[in-house]
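To start, the structure under review is shown below, and the notes come after it.
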Amino acid sequence: MERFAAVLLEAAPDAIVLVDGAGVIRLVNRRTEQLFGYRREELLGQPVEVLVPERLRDAHVEHRADFARARRVREMGMGLDLCGRRQDGSEFPVEIGLSPVEEDGELLVLTIVRDVSERRELERARRDAREALIWAHLAKIVDSSQDAIFSKDLDGVVLTWNPAAEALYGYPAAEMVGRSVELLLPDDRPTEVREILERLRRGEPIDRLETRRRTRTGHEIDVELTISPIRDEAGEVIGASTIARDVSARKAVEARRLQAQKMETLGRLTGGVAHDVNNMLTAIVGFGEFALDALPHEDPAPHIRSILRVTDGAAELTRRLLAFSRQQVLTPQRINLNEIVESSMLMLQRVVGRHVRVEKALDPTLDHVLADPIQVEQVLLNLLVNARDAMPGGGSVIVETGNAFLDGSYASFDAAVEPGWYAMLAVSDQGVGMEPETRARIFDPFFTTKEVGRGTGLGLATVYGIVRQSGGHIWCYSEPGEGTVFKLYLPVAVDRCEPGQPPPAPLEDVRGWETILVVEDDPTVRDLMRRALESAGYRVLEASDGCEAVDIARAHAEPLHLLVTDVIMPGLRGPDLAAWVGEARPETRTMFVSGFAGQTVAHHGLLARAGRFLAKPFTPSALCATVRQVLDEA
């Protein structure tokens, strides 16, 4: 039996070591020699710690001493993970099992040692493969994200930069990685990055910080930042990941909604004031006339007559305030705006003077509207006077009409729009134009940029009130030094969906696959165009100005089927960009968009190159339909 036990001991696939209470090796098998690299005689009589790495020996001695003091060893199956040491000093992972053995009153410990190197290597390979797969998936998620995602160290140096970050900020990854994120700071926020990094060093995450950043072209955009600390295995912060989202479009919509609310509040306020003033004026006029009647007819009563003349002016002022507040009494009739323009031309030309030319571009198919003709004439007069004042050196004004279908997406320009067919009346000038800050206040009562004595600031407020009270909408587009266009939309008086005049084709009828370069400096409009075209299946490249568009066109190795560009942009204008693209890529077709009306753009000679034209504001369906037409013409 003892011989059989000895044979089993030698044939065991695991190393077997018998250790006494003092930790001295009493017995080893052949597998122990193979595993640890010692001859049997070199191990017998040695402390068992010779098989343990030096860095672990002190702890091993303490554990063995505890077992010896207690004179009890708990039997333990295989599973205790430790580290073994070979004679050459190399280490390898082992699993051990312990069994107490009593012999002649002495407690011995039978230790079974199993080499798990191959299993650990296989587990490590599987784990590495799994982690690599996870990282690959994460990389794909980051690369395909619509949000800009990048990482940086605690000095603000960019480490990674996804394609959406390239699109948002305009910097390619090769140019941005290794540079500080302070490069993106506008001039009015010089310390913001340092403040953010200080918070990150303390481990503080930053959630939905709304701020501004500067793109490669120098444009500033509104962004929402979510920044999270990156920690190492010890929990120390070593960097940060940033998710950046362009919220320029959202903030523009919010600004327009707040503007609409402000106008509504101002309307209620001015309407109430006008009513109260009208009551006072009624009393003044009435008692003034009583006083005149009570005086002898030969008495000129100059003071009383002067009072009555002043009240006439005050009454006109209240009428304008009531028009702005949409509380004026209107007499709507079925009219054609073309006829109003034609009948008013002589009077309008006299008002604006000889140094200003009034030109017409009237659509003969224009639909009728329900509106007060007197008030429409007032609107037209006010807009012409404004255009004249914007051109002190003279110039031309174009009055243009046309039919337009406005769908629900027009709410990105006017939140109160009702989808349907409208008759458009546009008045365009070649004047000095307006800055965005001025344009935002033009409909405010009493706001004026004219010198004292040249206007009350109620002209455009009156226009706004009349148009809105007539169920319509008004939109203004202006560029400093390029002129201004006002577009009025009045709902048509009949069902517009007649035979031969169907509504615009739905998006699914104008789908495509081509690559389109969209160039537009207004981030809200650019975002609307991108979303519309991508939803119709097109691949869209974006640029915020002509110079950036040139860089994109140069770097894009694949076919570029269509250039859709704004006409008026800072730096390189749309027509000049189209000319460059036409020479560099003759196969690329061109389509222009502009806030100016079509006849105005043509008249001003802004389009030096042939191409389709789409006037702003436009709907996604109109954009996609026009794009499809241009591409199909090829």
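The values are calculated or read from the model by the stated rules, or taken from the named source; none is laboratory data. All of these numbers come straight from a predicted model, not from anything done at the bench. We place every Cβ from the backbone using ideal geometry, glycine too, and count neighbours over all the protein chains shown. Accessible surface areas use protein heavy atoms only, side chains included; no ligands, DNA or RNA. Shrake-Rupley method; radii C 1.70, N 1.55, O 1.52, S 1.80 Å.
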request  = Working only within the range 195-223, note down all residues that are surrounded by 13 or more Cβ atoms within 10 Å (Cβ to Cβ) and out of contact with any strand residue (DSSP E or B) (no Cβ under 9 Å at 6 or more places or on another chain).
outcome  = 216, 218, 219
message = Given the criterion within 15 Å of residue 475 (Cα to Cα), at pLDDT 80 or above and either among the charged types (D, E, K, R) or crowded, with 18+ Cβ neighbours inside 10 Å (or both), identify the matching residue among 428, 412.
response = 428
Condition broken by residue 511, with the remaining ones in (1) surrounded by fewer than 17 Cβ atoms within 10 Å (Cβ to Cβ); (2) at pLDDT below 85; (3) under 30 Å from the mean Cα position of the chain (by Cα) satisfied = (2)
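So that you can scan it fast, the table gives a plain yes or no per residue for (1) part of a loop (DSSP other than H, G, I, E, B); (2) closer than 27 Å to residue 399 by Cα; (3) modelled with pLDDT of 90 or more; (4) charged (D, E, K, R):
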| residue | (1), (2), (3), (4) |
| --- | --- |
| 560 | yes, no, yes, no |
| 564 | no, yes, yes, no |
| 609 | yes, yes, no, yes |
| 614 | no, yes, no, no |
| 618 | yes, yes, no, no |
| 621 | no, yes, no, no |
| 629 | no, no, no, no |
key: Single condition residue 95 does not satisfy, out of (1) loosely packed, with under 11 Cβ neighbours inside 10 Å; (2) in contact with a Leu (Cβ under 9 Å, 6 or more places away or on another chain); (3) of a type outside the set (Lys, Arg)   = (1)
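For the range 336-378, which residues satisfy the criterion of being under 22 Å from residue 473 (Cβ atoms), part of a strand (DSSP E or B) and β-branched (Val, Ile, Thr)?
Initially, the range 336-378 is screened for residues under 22 Å from residue 473 (Cβ atoms), giving 336-341, 344, 361-363, 365-378.
If we keep only those that are part of a strand (DSSP E or B) too, we end up with 361, 369-371.
Within the range 336-378, 369 is the sole residue that qualifies.
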ask   = What is the number of the single condition among (1) closer than 20 Å to residue 60 by Cα; (2) exposed (fewer than 10 other Cβ atoms within 10 Å of the Cβ) that residue 101 does not meet?
value = (2)
ask   = Can you find a residue in the range 125-143 that is open to solvent by less than 50 Å² (accessible area, probe 1.4 Å) and modelled with pLDDT of 85 or more?
value = no
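Among what's in the range 103-122 and is of a type outside the set (A, V, I, L, M) and part of a strand (DSSP E or B), pick the residue that is nearest to residue 20 (Cα to Cα). Even if it seems obvious, please write down each step before you answer.
At the first step, the residues of the range 103-122 found to be of a type outside the set (A, V, I, L, M) are 103-106, 111, 114-115, 117-121.
Now drop any that are not part of a strand (DSSP E or B), which leaves 103, 106, 111, 114-115.
On the way: 103: 10, 106: 8, 111: 11, 114: 20, 115: 23 Å.
That would be 106.
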Counted residues, the range 19-33 - those being of a type in the set (A, V, I, L, M), under 20 Å from residue 86 (Cβ atoms) and touching a residue at least 40 places away in the same chain (Cβ under 8 Å) = 1
remark   = Scanning the range 532-556 residue by residue, those in contact with a strand residue (DSSP E or B) (Cβ under 8 Å, 6 or more places away or on another chain), assigned to a helix (DSSP H, G or I) and small (Gly, Ala, Ser) turn out to be 546, 549, 553
note = Residues in the range 87-129 that are over 60 Å from the mean Cα position of the chain (by Cα) and free of Cβ contacts under 8 Å to residues at least 60 places away in the same chain total 11
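Filter the range 514-528 down to residues that are aliphatic (A, V, I, L, M) and at pLDDT below 85 and give me whichever is least open to solvent (accessible area, probe 1.4 Å). Give the derivation first.
Residues of the range 514-528 aliphatic (A, V, I, L, M): 516-519, 525, 528.
From the residues that got through so far, the ones that are at pLDDT below 85 too are 525, 528.
Working: 525: 9, 528: 31 Å².
Looking at the filtered set, the residue picked out is 525.
From the list 311, 331, 401, pick out the single residue that is open to solvent by less than 30 Å² (accessible area, probe 1.4 Å), at pLDDT below 85 and hydroxyl-bearing (Ser, Thr, Tyr). Don't jump to the end; show me each part of the working.
On the way: 331 fails: open to solvent by less than 30 Å² (accessible area, probe 1.4 Å); 401 fails: at pLDDT below 85.
The conditions single out 311.
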message = Name the residue that is modelled with the highest pLDDT, counting only residues in the range 334-369 that are in contact with a helix residue (DSSP H, G or I) (Cβ under 6 Å, 6 or more places away or on another chain) and over 23 Å from residue 423 (Cα atoms).
response = 356
request  = Identify all residues within the range 13-30 that are more than 13 Å from residue 108 (Cβ to Cβ) and surrounded by fewer than 20 Cβ atoms within 10 Å (Cβ to Cβ); write none if there are none.
outcome  = 13, 14, 30
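Quick one: in the range 529-543, which of the residues that are under 13 Å from the mean Cα position of the chain (by Cα) and touching a residue at least 40 places away in the same chain (Cβ under 8 Å) is surrounded by the fewest Cβ atoms within 10 Å (Cβ to Cβ)? So that I can check it myself, show each step before the final result.
Step one: of the range 529-543, the residues under 13 Å from the mean Cα position of the chain (by Cα) are 529-531, 542.
Among the residues that remain, those that are also touching a residue at least 40 places away in the same chain (Cβ under 8 Å) are: 529, 531, 542.
On the way: 529: 25, 531: 15, 542: 20.
Among residues in the range 529-543 that are under 13 Å from the mean Cα position of the chain (by Cα) and touching a residue at least 40 places away in the same chain (Cβ under 8 Å), the one surrounded by the fewest Cβ atoms within 10 Å (Cβ to Cβ) is 531.
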task = Could you check residue 165 against (1) open to solvent by 70 Å² or more (accessible area, probe 1.4 Å); (2) closer than 24 Å to residue 518 by Cβ; (3) within 21 Å of the chain's Cα centre (by Cα) and say which number it fails?
result = (1)
